[in-house]
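A.B. asks: One structure is given below, represented as structure tokens, and several questions about it will come after.
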Amino acid sequence: MMTVTLSTVLLAPYATDLSSSLAPPLLTSLDGARVFFYSASTMPDGSVRTEWIGSAIIWILIAMSLVSVGMIISGALAHRTAAIVPPKALAAFGGGGGRAALESAAALPCDAGRIARAASEAWMRGRSELVDAAERTAVECAARRFRTLEPLHVLAQISPMVGLFGTVYGMIVAFQAVAASGGQADPALLAGGIGTALVTTFWGLVVAVPALLAYALLRNRVDAALASTLESVLHAAKDAPEVGSAAR
């Protein structure tokens, strides 16, 4: 036997209205988010067809965004200021200077150690040779670090081009719909191609903008750290003999 309570009778109409009012916004939100992950076109008979080329471009760009995030994190960890000039090197440079300070820093496995080692080895050849050796080593260290950042730069340059490819493909699909309808295309038939064009452009910018920003910030960090290191090394070597005194 079914028991019907007064509360069930009174609340039943409101429960129906509540479910009907909540369902459409939820479905609309899901449909709106779905367009960012695949491309589809509406056919003249009302059926929906997946645009595999457009969807592939979207997923390629999504994969590129994940790779870009990994490169940014890896670059931020590898090119920390402490990895270029650790506190021990700073302590050595600030300990009074001289060749002993350079030799102490030269034992460290970092860029500051390499620059200090080059300066220490050129000490007896005169200050001019010392400065040249230190600057040359700093440039080599910078070039080596910049090479590791170059894949991120290339990814940032390529991703807008991939997005542009998707944009062109989406417009081709849209104009094909216009041609197939004899110039009287329903806006629903154009939505698929235009949507592909916009979404691929969106993902291309999502990849490119953070990647370019991270590349510029990391490159400036490396440049600033190496410039500071070179300045510290040359300051520590201020008492290096000149060419004439070294020759005597």
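A.B. asks: Using 1/(1 + (r/R0)^6) with R0 = 30 angstrom and r between the beta carbons of GLU103 and SER74, what's the FRET efficiency to the nearest 0.05? Please list the in-between numbers first.
C.D. replies: Working: r = 33 Å, r/R0 = 1.09.
It comes out at approximately 0.35.
A.B. asks: Using the charge dipole of segment 48-247 (Lys, Arg: +1 at Cβ; Asp, Glu: -1 at Cβ; taken about the Cα centre), state which of LEU130, LEU217, LEU198 has its Cα farthest towards the positive end.
C.D. replies: The listed residue farthest towards the positive side: LEU130.
A.B. asks: Report the gain in length on full extension from LEU66 to ASP132: 0.36 nm times residue separation, minus Cα-Cα distance, nm rounded to one decimal. It would help to have the intermediate numbers written out before the result.
C.D. replies: Working: separation 66, 0.36 × 66 = 23.76 nm, distance 4.20 nm.
Stretched out fully, the LEU66 to ASP132 stretch lengthens by 19.6 nm.
A.B. asks: Return the equivalent ellipsoid semi-axes of segment 48-247 as a descending list in whole Å, where each equals the square root of 5 times an eigenvalue of the C-alpha gyration tensor.
C.D. replies: Working: eigenvalues 658, 39, 19 Å².
So the three semi-axes of segment 48-247 are 57, 14, 10 Å.
A.B. asks: Let me ask another. So between ALA83 and THR148, what do we pick up on full extension, going 0.36 nm a residue minus the alpha carbon distance? Display every interim value, and only then the final one.
C.D. replies: Working: separation 65, 0.36 × 65 = 23.40 nm, distance 1.45 nm.
Stretched fully, the ALA83-THR148 segment lengthens by 22.0 nm.
A.B. asks: Here's another thing I want to ask about it. Could you pull out the trypsin sites (Lys or Arg not before Pro) across segment 99-143 that fall in loop regions by DSSP (anything but H, G, I, E, B) with no more than 15 other Cβ atoms inside 10 Å?
C.D. replies: On the way: sites: ARG99, ARG114, ARG117, ARG125, ARG127, ARG136; in loops: none.
When the trypsin sites (Lys or Arg not before Pro) of segment 99-143 are filtered for loop state and at most 15 Cβ neighbours within 10 Å, nothing remains.
A.B. asks: To the nearest 0.05, what FRET efficiency results for MET124 and TRP52 with a Förster distance of 45 Å applied to their C-beta separation?
C.D. replies: Numbers: r = 70 Å, r/R0 = 1.55.
Plugging the Cβ-Cβ distance into 1/(1 + (r/R0)^6) gives 0.05.
A.B. asks: Right, another one. Got the relative contact order for segment 151-240 handy, in percent, Cα pairs under 8 Å and 6 or more residues apart? Before the final figure, lay out the partial values.
C.D. replies: Working: 76 pairs, mean separation 34.0, N = 90.
Relative CO of segment 151-240 lands at 38 percent.
Read-outs: derived from the displayed coordinates by stated rules, not from any lab. Note that this is a predicted model, so its numbers are computed, not measured. Every residue, glycine as well, gets a Cβ built from its backbone with ideal geometry; the counts of neighbours run over all protein chains shown.
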